[in-house]
1. So, in nm, how far is label residue 405 from label residue 41 when the simple model puts each one 7 Å beyond its Cα toward the Cβ?
2. Rounded to the nearest 0.05, what FRET efficiency do residue 367 and residue 70 have when you use their Cβ-Cβ distance and R0 = 25 Å?
3. Stokes-Einstein D for the chain at 10 °C, 1.306 mPa s, Kirkwood Rh over Cα pairs, in µm²/s?
4. What length, rounded to one decimal in nm, is gained on full extension from residue 107 through to residue 360, with 0.36 nm per residue of separation minus their alpha-carbon distance?
5. What Kirkwood hydrodynamic radius, in Å, does segment 1-62 give when the mean of 1/r is taken over all pairs of distinct Cα atoms and then inverted?
6. Between residue 339 and residue 353, how many nm apart are label points set 7 Å from Cα along the C-beta direction?
7. Quick one: go through segment 140-161 and flag any residue whose amide nitrogen is under 20 Å from the point 7 Å out along the Cα-to-Cβ line of residue 89.
8. Quick check on segment 2-218: take the gyration tensor over C-alpha atoms, sort the square-rooted eigenvalues as a ≥ b ≥ c, and tell me if it's rounded (a/c under 1.5), prolate or oblate.
Ligand SMILES: Nc1ncnc2c1ncn2[C@@H]1O[C@H](COP(=O)(O)OP(=O)(O)O)[C@@H](O)[C@H]1O
Ligand SMILES: N[C@@H](CC(=O)OP(=O)(O)O)C(=O)O
């Protein structure tokens with residue numbers, strides 16, 4: 001058994017969806033559990049639907065949803081060559097459910113409604129791809145992963161209940177492989193014991209695939225991307241990046257943790273726990289060697305690994321009365337961050353100041369400052385970059401920091417982190 005994951009970029013055009021079909025057909029002897037994300041940037045569009053709905057701008061939300069509906073129906077028709085197919089009834093049902101949600105007056109929090117609406121992208125994409133594959137002779141079964149992945153109700157970042165999910169994988173997914181070699185499931189979503197839809201965090205489909213790989217005891221997981229493999233830096237941000245043929249789980253978990261937006265940080269653990277290798281391959285050219293991520297990869301040949309997080313804010317939290325920022329106060333500060341669901345990317349302590357670097361999310365930061373304001377004086381610096389380099393070399397750091405002012409620096413033997421300010425434009 002192999003687990004494949006195809007992300008939004010691989011489903012962006014009709015040609016790419018057809019290419020995904022060709023990749024799958026080139027594994028005729030394998031059982032494949034195929035996890036699929038929403039097409040292109042659909043999730044971003046659905047986020048706008050959720051935001052407008054919650055801000056009581058229901059007409060705008062309905063219009064945005066209608067646009068998504070038209071795009072998907074057109075894609076489905078282009079792939080199938082007809083509108084006379086049960087797929088269109090299934091798509092209509094998904095949209096009707098979303099319209100019902102839009103018709104309700106919001107009585108619960110935003111995260112709940114977000115999850116009822118935003119997971120729609122994966123239901124649509126998998127239904128379309130599954131129907132198209134079956135018509136093209138790539139025989140498969142479609143599964144609604146909300147009947148399989150049981151989670152808690154931590155909406156927008158739900159946690160898998162492994163015990164129940166394992167049971168449901170065995171009862172509902174395994175038997176499908178008696179009739180077909182290919183099962184298609186949605187990434188990113190699951191459901192609570194109350195049958196409420198949840199999402200697992202943005203870009204969470206890599207993790208969904210890893211959950212399946214773990215519970216199906218797969219031989220391997222492959223994430224099909226628009227890049228030739230895992231590189232030492234994001235090729236969209238840096239020229240002359242180097243492809244990494246093999247790398248250990250531990251290095252990738254660090255890269256993802258520091259913000260490398262290529263693999264979801266939660267993906268590695270379920271694979272490492274069962275020693276399942278993770279391949280990163282290019283869907284544009286499946287014969288490129290790509291990258292293998294596994295336990296005993298030789299890390300000695302690794303180039304410097306560079307992760308750049310843009311749009312950062314450095315917050316300084318200072319005690320008002322010159323009292324020290326001791327463990328108990330730090331614990332209070334962390335509790336506030338946890339409560340506001342804000343991830344801290346880097347911290348630094350001084351006698352009366354606790355500084356931390358976070359992603360710039362103005363709404364969350366406003367709430368954070370309000371909560372911290374009572375006990376502390378707050379100052380912050382926007383428009384920053386957080387650069388992390390593992391296995392760094394000094395010459396390289398000079399090059400990467402050229403023209404930037406370093407506001408904060410932390411170094412260990414093999415990792416350096418710099419918070420930097422760009423020169424004024
Ligand atoms: N270290 C890295 N190696 C390769 N790609 C990277 C790296 N860091 C960031 N990326 C970016 O990840 C993108 C692919 O991931 P993503 O867009 O999430 O794909 P998908 O949504 O299709 O799963 C690439 O286009 C590349 O710009
Ligand atoms: N569609 C979701 C989940 C996901 O993982 O997508 P992708 O594989 O395209 O990054 C998102 O955009 O967050």
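1. Modelled inter-label distance: 3.3 nm.
2. Working: r = 36 Å, r/R0 = 1.44.
With R0 = 25 Å, the Cβ-Cβ based efficiency is 0.10.
3. Working: Rh = 23.2 Å.
So the translational diffusion coefficient is about 68 µm²/s.
4. On the way: separation 253, 0.36 × 253 = 91.08 nm, distance 2.79 nm.
Additional length available on full extension: 88.3 nm.
5. On the way: mean 1/r = 0.0734 Å⁻¹.
Evaluated on segment 1-62, it is 13.6 Å.
6. 2.5
7. 140-144
8. oblate
We did not get these values from a lab; they are worked out from the coordinates using the rules stated. Predicted, not measured: the structure shown is a model, and the values here were computed from it. Positions of Cβ are generated from backbone atoms using ideal geometry, with glycine treated the same way; all protein chains shown enter the neighbour counts.
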